[in-house]
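Student: Below is a structure I'd like to ask you about.
The values are calculated or read from the model by the stated rules, or taken from the named source; none is laboratory data. This is a predicted model, so every value here is computed, not measured. Virtual Cβ from ideal backbone geometry, glycine too; neighbours counted across all protein chains shown.
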Amino acid sequence: MTKGSQATYSISELAREFDITTRSIRFYEDQGLLKPKRRGQTRIYSLQDRVRLKLILRGKRLGFSLAETGRLFELYDADRSSQTQLRTMLELIEEKKADLQQQMDDIKVIMMELNSAENQCRQALTEIQK
C-alpha cells in the first residue's frame, strides 16, 4: 500500500516479503519492537516498521536476542545524537562481537575434536577390515 509518498504495508505483505508468519510479526509487535498504526482491526505498517522488521530478523541471524534488539531500538529512538546513547550502543555491539568470536573459537575446537574422532574411527575401521 502507498498513501501519498509514505509507503505502508499490510501484515501479509511483510510476511510474504520476509518469508515469515504473520504470527511472528504480531509477536514482535507484542514485544514492543514494531508499532503499526491501526485502522479498525487492520494493522498498517510504516516504512520504519519494515526497516525494523528487517533489522530484527538480521539481528536474530547474528545471535542478538529480542531484548538486545529492543534495547538498541530504544537507544536509537531516545536520542540519535547523544554521546551516552552511542557509547552504550557501541558497548552492546562490542559485547555481541566478543560473544560471536567466542562461539567461533568454540566451533573451531569442536571441529578439531570431531576431525580427530573421525580419523580415529576411520583408522580403526581400516584395521578391522584388514
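Student: When the residues of the stretch 68-101 are filtered to those that are over 15 Å from the mean Cα position of the chain (by Cα) and among the β-branched types (Val, Ile, Thr), which remaining residue is nearest to ARG26 (Cα to Cα)?
Tutor: Among those that are over 15 Å from the mean Cα position of the chain (by Cα) and among the β-branched types (Val, Ile, Thr), it is THR88.
Student: Here are some conditions: (1) touching a residue at least 12 places away in the same chain (Cβ under 8 Å); (2) more than 21 Å from GLU68 (Cα to Cα); (3) more than 18 Å from the chain's Cα centre (by Cα). PRO36 meets all but one. Which one does it not meet?
Tutor: Looking at each condition in turn, PRO36 falls short on (2).
Student: Let me ask something additional. Looking at GLU113, GLU127, GLU68, GLU94, which one is in a helix (DSSP H, G or I) and touching a residue at least 24 places away in the same chain (Cβ under 8 Å)? I'd like the intermediate steps shown before the answer.
Tutor: Numbers: GLU113 fails: touching a residue at least 24 places away in the same chain (Cβ under 8 Å); GLU127 fails: touching a residue at least 24 places away in the same chain (Cβ under 8 Å); GLU94 fails: touching a residue at least 24 places away in the same chain (Cβ under 8 Å).
The conditions single out GLU68.
Student: Something else about it: Taking the stretch 83-95 on its own, how many of its residues are charged (D, E, K, R) and at pLDDT below 85?
Tutor: We begin by selecting, within the stretch 83-95, every residue charged (D, E, K, R); these are 87, 91, 94-95.
Add one more test, that the residue is at pLDDT below 85, and what stays is 87.
Residues that pass the stated criteria total 1.
Student: If you don't mind, there's one more thing I want to ask. In the stretch 30-82, which residue that is modelled with pLDDT of 90 or more and among the acidic types (Asp, Glu) is farthest from ILE93 (Cα to Cα)?
Tutor: ASP30
Student: Within the stretch 69-83, can one find any residue that is surrounded by 13 or more Cβ atoms within 10 Å (Cβ to Cβ) and more than 28 Å from THR8 (Cβ to Cβ)?
Tutor: Looking through the stretch 69-83, none of the residues is surrounded by 13 or more Cβ atoms within 10 Å (Cβ to Cβ) and more than 28 Å from THR8 (Cβ to Cβ).
Student: While we're on this one: What number of residues in the stretch 40-67 are surrounded by 17 or more Cβ atoms within 10 Å (Cβ to Cβ) and either hydrophobic (A, V, I, L, M, F, W, C) or over 8 Å from the mean Cα position of the chain (by Cα) (or both)? Walk me through how you get there before you give the answer.
Tutor: From the stretch 40-67, those surrounded by 17 or more Cβ atoms within 10 Å (Cβ to Cβ) are 43, 45, 49-50, 52-53, 56, 59, 64; that's our starting set.
Okay, now just the ones that are also either hydrophobic (A, V, I, L, M, F, W, C) or over 8 Å from the mean Cα position of the chain (by Cα) (or both), so 43, 45, 49-50, 52-53, 56, 64.
Selection size over the stretch 40-67: 8.
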